[in-house]
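Let me give you the structure first, and then I'll get to my questions.
The values are calculated or read from the model by the stated rules, or taken from the named source; none is laboratory data. All values derive from a computational prediction rather than experimental measurement. Reconstructed Cβ throughout: ideal geometry from the backbone, glycine too, with neighbour counts over all protein chains shown. Side chains are part of the model used for accessible areas, which takes the heavy atoms of the whole protein and leaves out ligands, DNA and RNA. Shrake-Rupley method; radii C 1.70, N 1.55, O 1.52, S 1.80 Å.
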Number of protein chains: 2
Amino acid sequence: MHSFTEENYLKTIYYLANRRQGEVSTNALAEMTATKAASVTDMLRKLAEKQLIHYKKYQGVRLTDEGERLALQIIRRHRLWEVFLVQKLGFGWDEVHEIAEELEHIRSEELVTRLDTYLGYPQFDPHGDPIPTPAGQMPETGYRKLSEVEAGEGVCLMAVLEHSTEFLKHLDHSQLTLGCQVTVNEINTFDKSVLVQIESGRSVFISHEVARNLLVKN
Amino acid sequence: MHSFTEENYLKTIYYLANRRQGEVSTNALAEMTATKAASVTDMLRKLAEKQLIHYKKYQGVRLTDEGERLALQIIRRHRLWEVFLVQKLGFGWDEVHEIAEELEHIRSEELVTRLDTYLGYPQFDPHGDPIPTPAGQMPETGYRKLSEVEAGEGVCLMAVLEHSTEFLKHLDHSQLTLGCQVTVNEINTFDKSVLVQIESGRSVFISHEVARNLLVKN
DNA sequence: ATAAAAATTTAGACGACCCTAAATTTTTAG
DNA sequence: CTAAAAATTTAGGGTCGTCTAAATTTTTAT
Ligand SMILES: [Mn+2]
Ligand SMILES: [Mn+2]
Ligand SMILES: [Mn+2]
Ligand SMILES: [Mn+2]
């Protein structure tokens, strides 16, 4: 069996490996897990021992197949619980991350299977992130950032990159909802902010900072 | 904050204190928590330090008001999650205890409140145990054991004392369901077994061992 | 190319929770 | 009322995950 802590490290390694391609550094992990580099090194030794990561001293770290399988399993649980919290219990999408951080560690295959069925086999969590399959595949999305869309294009808001309460509340406030159709009317060259028109016809001003954290598809 | 382990000790102390009246012994706790007496002593010192129990060396242990409040909170969560697992996810009543043992430690007041609402404010868990109120009161039930019912009496099956999978499966197999009306037709004097008639008209033989673990009301 | 800076690992330690073996206190029985 | 038995605590130690400080390796900049 694996401890909560081990599971969290695996999830974090997966996350960082998919942000910047290639090996994950000790310092990046320390920052992400809010621990010190020395503690990370200890844990990396243990995970390598258990064959969950490839680890060469000073060279960064990469998940093994088994490590990735486990990481995807935790991510699947996390996202399914988030769907439950929002759709069944009525939490806001800005309130569920911390709770799902705990629920994802509950040890029961059967529980996850039944939860998935109960929720109607959702494909995406409340933040638009794809839910890994029971077999452990992360679905491809092919989204791009709103900040990379050309003026005149019409796209659909699919997911958020940033998950902080402040960011999500800001989107709610701007009436930017996932699934929402938006047309890019104007791109300001000096600050890269964009003016988009949403379904209701209303125009919404979006800073580059926000546009960089919104994922869209055509 | 309190650790999972501390919460489990509090819950166990509550349980044992309400079975045999009075102080709870170190050995009883060791048996119940599947640890050794020496480990229990360590933890008792810590819980006393935190003012969650009254503890005098060699004299057994008793919950403080704050300790009891916490214990009832954990029990409330445990039982609400069991209701969820059975009523919403379709688990059998014999499958939910272990999972609820983990879910009960998820730290979020809001989660419990919303879960309670979602479940329709249930009064009892799938085993007939009363769910403590949000304010931290354990409802009185006034149940008696089926083994103490006189011949000729008609009673309603309300709860089980034993929670093991084997026992619960045995009840399923005998078509003994909570809420089920039963009439005691015969009490065998030599082995205290009883013959009851259930709603369907069928007669069911119940050993003393089973009857001692069934709670009923009139 | 090399010295300074940055990243990483090692050394040594601590708190939480658990263990076994030994000492101590309480209970029980003769 | 005492001696044996039972219950409990203490002593000493282990693992897990964390930390700070020091040593080592890699990267960066002159
Ligand atoms: Mn999340
Ligand atoms: Mn999410
Ligand atoms: Mn239970
Ligand atoms: Mn129960």
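Of B:T165, B:T117, B:T26, which is the most mobile in a GNM of chain B whose springs link Cα atoms less than 10 angstrom apart?
Per the Cα network of chain B with a 10 Å cutoff, B:T117 tops the list.
If you line up the long axis of helix B:4-19 against the longest principal axis of chain B, both from Cα atoms, how many degrees apart are they, to the nearest 10?
Rounded to the nearest ten degrees, it is 50.
Separate question: Tell me the label-point distance for the pair A:F205, B:R144, using the 7 Å Cα-to-Cβ offset, in nm and rounded to one decimal.
7.7 nm
How big is D, in µm² s⁻¹, for chain B by Stokes-Einstein at 37 °C and 0.692 mPa s if Rh is the Kirkwood radius over C-alpha pairs?
174 µm²/s
I'd like the accessible area for A:R212, computed on protein heavy atoms only with a 1.4 Å probe and all protein chains in place. Round to 10 Å², please.
Here the accessible area works out near 90 Å².
Probe radius 1.4 Å, ligands and nucleic acids left out: can you give me the accessible area buried at the A-B interface, summed over both chains, in Å² to the nearest hundred?
In total, chains A and B hide about 1800 Å² from solvent.
Search the structure for amide H atoms under 5 Å from the amide H of A:T64, placed 1.01 Å from N in the peptide plane, and list their residues when 5 or more places away or on another chain.
Those qualifying (amide H under 5 Å, at least 5 residues apart or on another chain) are A:I53, A:H54.
Also: Looking at chain A as a GNM with Cα springs under 10 Å, which of A:G179, A:G67, A:G120 has the largest mean-square fluctuation?
A:G120
Quick one: ranking B:T12, A:T177 by accessible area, 1.4 Å probe, largest first, what do you get?
If we order B:T12, A:T177 from most to least accessible, we get A:T177, B:T12.
What residues have an amide H closer than 5 Å to that of A:N185, excluding those fewer than 5 places away on the same chain, when H is modeled at 1.01 Å from N in the peptide plane?
A:G152, A:L195, A:V196, A:Q197
Kindly identify residues of region B:68-93 having a loss of at least 20 Å² in accessible area between the isolated chain and the assembly of all protein chains, probe radius 1.4 Å.
B:W81, B:F84, B:K88, B:L89, B:F91
Of B:K169/B:K217; A:K46/B:K88; A:K36/A:K56; B:K36/B:K145, which ones are farther than 27 Å apart at the Cα?
A:K46/B:K88; B:K36/B:K145
How long are the three semi-axes of the equivalent ellipsoid of region B:4-63, in whole Å, if each is the root of 5 times an eigenvalue of the C-alpha gyration tensor, listed from largest down?
14, 13, 12
Only four residue types carry charge here, +1 at the Cβ of Lys and Arg and -1 at the Cβ of Asp and Glu. Report the dipole size of the protein assembly as shown about the Cα centre in Debye, rounded to the nearest 20.
Its charge dipole is roughly 840 debye.
Under unit Cβ charges (Lys, Arg +1; Asp, Glu -1), what dipole magnitude, rounded to 20 debye, does region A:107-160 have relative to its Cα centre?
Here the size comes out at about 120 debye.
Solvent-accessible area per residue for region B:74-218 at a 1.4 Å probe radius, Å²?
With the other protein chains kept in place, region B:74-218 gives 48 Å² per residue.
Filter the GluC sites (Glu not before Pro) in region B:53-151 down to the DSSP loop ones having no more than 14 other Cβ atoms within 10 Å, then list what survives.
Hits after loop and neighbour filter: B:E140, B:E150.
Here's another thing I want to ask about it. Not counting the cut sites, what is the longest span of chain B without chymotrypsin sites (Phe, Trp or Tyr not before Pro) that DSSP labels loop and that have at most 14 other Cβ atoms within 10 Å?
B:59-189
Multiply the residue gap between B:H170 and B:E66 by 0.36 nm, knock off their C-alpha separation, and tell me the result in nm, one decimal place.
Fully extending the segment from B:H170 to B:E66 adds 33.6 nm.
Can you run phi through the Karplus equation (6.51, -1.76, 1.60; θ = phi - 60°) for region B:77-86 and list ³J(HN,Hα) in whole Hz, with x for Gly and Pro?
4, 3, 6, 5, 5, 4, 4, 4, 4, 7
Still on this structure, please answer the following. Accessible area of chain B with a 1.4 Å probe: how many percent of it is carbon plus sulfur?
With neighbouring chains kept in place, the figure for chain B is 48 percent.
Turning to a different aspect of this structure: Principal axis lengths of the protein assembly as shown from Cα atoms, whole Å, largest first?
Computed over the Cα atoms, the extents are 93, 50, 40 Å.
Between A:I131 and residues 5 or more places away or on another chain, which pairs have amide H atoms under 5 Å apart, with H built 1.01 Å from N, and which residues are they?
Here A:F124, A:D125 satisfy the definition.
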